[in-house]
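Since the structure comes first, as structure tokens, the remarks are kept for the end.
The values are calculated or read from the model by the stated rules, or taken from the named source; none is laboratory data. A quick note: this is a predicted structure, and the numbers were derived from the prediction, not measured. A quick note on method: Cβ atoms are made from the backbone with ideal geometry, for glycine too, and the neighbour counts reach across all protein chains shown.
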Amino acid sequence: MLEIRHIVKTFEGNRVLDDLSLEIRQGEIFTLLGASGCGKTTLLRILAGLETPDQGRLYFQGEPWVDIATHTCVPPQKRGVGLVFQSYAVWPHLNVFDNVAYPLRNQKLSRAQIHDKVLSILQSVGLTGYEQRATHQLSGGQQQRVAMARALVADPALLLLDEPFSNLDIGLRKQLRQELKTLQKRLGLTVVLVTHDQEDAFALSDRIAVLKAGRVEQIGSAEEIHDRPATTFVQGFVGRGTQLRGRLTGSGDRARIARGVVQLAEPLSYPLDAALTLWVRPDAVSLENAESRAGSGVRGQVSHSIFAGDRYETYVDLEDGQQLMAYQLRHQLSAPGSWVNVIFPSNPHASPLASQVSS
């Protein structure tokens, strides 16, 4: 549906988008996930027509929206895109009805058509009865719904969302995420979401593109990116985890950490005793009393635990001085100072240290 090809964008000598290419499918929620400055909002503004790239091409349903080589650039008002900003950008001098009706009046629709479409979309976003309410009388969540209704009222083929939940409290974020997902499925919308928040990305997305310095590090489902990160950056940026140092042993299929040996997810074709980096998710390890299974796993001493709602984050000092974090339920909690065996039910992934690869 949406093809982005070799997009380059530079601001004051800083290359914000660096030969970026990806495809977005019809009817999916596609998320651009990354830290501030990675280029995600710039890309969204290029999709909306608010910025023009220095190089590259952009096609929507096979039609060129942007082609720098042929000087093609379809203006924003002709792209049929709905856009919701981080600040919502509702107009304080207009009531709810007039805010939502604004795009339709620009289309020169009849008063009856505008009335019916506005009431219909307000019902969809849960604002029936708020038509005459002044926007300054609305809560943050209600203003977000007004912005969403205004973006949707003209039946866009593509909905662009720029950090739409960042100004909301946690409970309201969860509620509106679910409402957006339900609305998207019912209307068959194609959505591009920009966020730095992994919880938003994981809860909403069909696919996610992780961006770093204007380039795509990995594209995949939330599960793929979390469980099988393609790069060291994705490993560190997505989810929680501990980076451990080890040495390759066995037949290249195991790693030695502290005084223990851990089976790897896949064998590595490097010399034995090569230095390794292992990335361990806290939900992929378990802690057992050291006396209950002496000699199994990697031995360590519990440093402390932090209460995290439905679980604890338990920090363990391994015998070689490294520290690992694991999740524990309340009834599993290990006391500070106790010795535990760190068990790896899911074999961790490992890679050689970067210095070894370059040499």
*Do you know which of the residues in the range 6-42 that are among the basic types (Lys, Arg), closer than 15 Å to residue 214 by Cβ and more than 16 Å from the chain's Cα centre (by Cα) is surrounded by the fewest Cβ atoms within 10 Å (Cβ to Cβ)?*
15
*Hits in the range 84-122 (condition: assigned to a helix (DSSP H, G or I), closer than 17 Å to residue 145 by Cα and either among the charged types (D, E, K, R) or over 29 Å from the mean Cα position of the chain (by Cα) (or both))*: 96, 97, 98, 99, 101, 102, 103, 117, 118, 119, 120
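At least 2 residues that are surrounded by 20 or more Cβ atoms within 10 Å (Cβ to Cβ) and touching a residue at least 24 places away in the same chain (Cβ under 8 Å) in each: list the strands (runs of 3 or more DSSP E) lying fully within the range 213-285 that qualify.
Values: elements: 215-220, 242-249, 254-257, 260-263, 275-280.
Fully inside the range 213-285 and qualifying: 242-249, 254-257, 260-263, 275-280.
Quick check: anything in the range 94-102 closer than 17 Å to residue 190 by Cα, touching a residue at least 12 places away in the same chain (Cβ under 8 Å) and touching a helix residue (DSSP H, G or I) at 6+ places or on another chain (Cβ under 9 Å)?
Here is the first cut: in the range 94-102, the residues closer than 17 Å to residue 190 by Cα are none.
Checked against the condition, which is being closer than 17 Å to residue 190 by Cα, touching a residue at least 12 places away in the same chain (Cβ under 8 Å) and touching a helix residue (DSSP H, G or I) at 6+ places or on another chain (Cβ under 9 Å), the range 94-102 yields no hits at all.
Results for (1) out of contact with any strand residue (DSSP E or B) (no Cβ under 9 Å at 6 or more places or on another chain); (2) under 23 Å from residue 232 (Cβ atoms); (3) at pLDDT 95 or above, shown as yes or no for each residue.
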| residue | (1), (2), (3) |
| --- | --- |
| 278 | no, yes, no |
| 304 | no, no, yes |
| 310 | yes, no, no |
| 320 | no, yes, no |
| 341 | no, no, no |
| 352 | no, yes, no |
*Those residues of the range 191-212 which are among the polar types (S, T, N, Q) and either surrounded by fewer than 17 Cβ atoms within 10 Å (Cβ to Cβ) or over 18 Å from residue 38 (Cα atoms) (or both), in sequence order*: 205
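Quick one: how many residues across the range 54-88 are small (Gly, Ala, Ser) and exposed (fewer than 14 other Cβ atoms within 10 Å of the Cβ)? Walk me through it before giving the result.
Step one: list which residues in the range 54-88 are small (Gly, Ala, Ser), which gives 56, 62, 69, 80, 82, 87.
Now drop any that are not exposed (fewer than 14 other Cβ atoms within 10 Å of the Cβ), which leaves 62, 69, 80, 87.
Selection size over the range 54-88: 4.
Having 2 or more residues that are touching a residue at least 40 places away in the same chain (Cβ under 8 Å), under 29 Å from residue 155 (Cβ atoms) and not polar (S, T, N, Q) is the bar; report the strands (runs of 3 or more DSSP E) wholly within the range 1-82 that clear it.
Values: elements: 2-11, 14-24, 29-33, 55-60, 63-67.
Here the list reads 2-11, 14-24, 29-33, 55-60.
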_Let me spell it out: the conditions are (1) at positive phi; (2) modelled with pLDDT under 95, and residue 92 meets all of them except one. Which number is the exception?_
(1)
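Out of contact with any strand residue (DSSP E or B) (no Cβ under 9 Å at 6 or more places or on another chain) and of a type outside the set (S, T, N, Q): does that describe residue 291? Lay out the reasoning, then the answer.
Numbers: out of contact with any strand residue (DSSP E or B) (no Cβ under 9 Å at 6 or more places or on another chain): no; of a type outside the set (S, T, N, Q): yes.
In short, no.
Can you confirm whether residue 154 is surrounded by 15 or more Cβ atoms within 10 Å (Cβ to Cβ), touching a helix residue (DSSP H, G or I) at 6+ places or on another chain (Cβ under 7 Å) and more than 26 Å from residue 92 (Cα to Cα)?
Values: surrounded by 15 or more Cβ atoms within 10 Å (Cβ to Cβ): yes; touching a helix residue (DSSP H, G or I) at 6+ places or on another chain (Cβ under 7 Å): yes; more than 26 Å from residue 92 (Cα to Cα): no.
Taking the combined requirement at face value, the residue does not satisfy it.
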*Could we say that residue 269 is more than 30 Å from residue 200 (Cβ to Cβ), hydroxyl-bearing (Ser, Thr, Tyr) and within 33 Å of the chain's Cα centre (by Cα) here?*
yes
*Among the numbered conditions (1) in a helix (DSSP H, G or I); (2) at pLDDT below 90; (3) over 27 Å from residue 49 (Cβ atoms), tell me where residue 142 comes up short.*
(2)
*Qualifying position, being without any contact (Cβ under 8 Å) to a residue 24 or more places away in the chain and among the hydrophobic types (A, V, I, L, M, F, W, C), among 157, 134, 89, 112*: 112
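Can you tell me which of 209, 201, 147 is over 27 Å from residue 92 (Cα atoms), touching a residue at least 40 places away in the same chain (Cβ under 8 Å), in contact with a Phe, Trp or Tyr (Cβ under 8 Å, 6 or more places away or on another chain) and of a type in the set (A, V, I, L, M, F, W, C)? Steps first, answer last, please.
Numbers: 201 fails: in contact with a Phe, Trp or Tyr (Cβ under 8 Å, 6 or more places away or on another chain); 147 fails: over 27 Å from residue 92 (Cα atoms).
Step by step, each of 209, 201, 147 is checked, and only 209 is over 27 Å from residue 92 (Cα atoms), touching a residue at least 40 places away in the same chain (Cβ under 8 Å), in contact with a Phe, Trp or Tyr (Cβ under 8 Å, 6 or more places away or on another chain) and of a type in the set (A, V, I, L, M, F, W, C).
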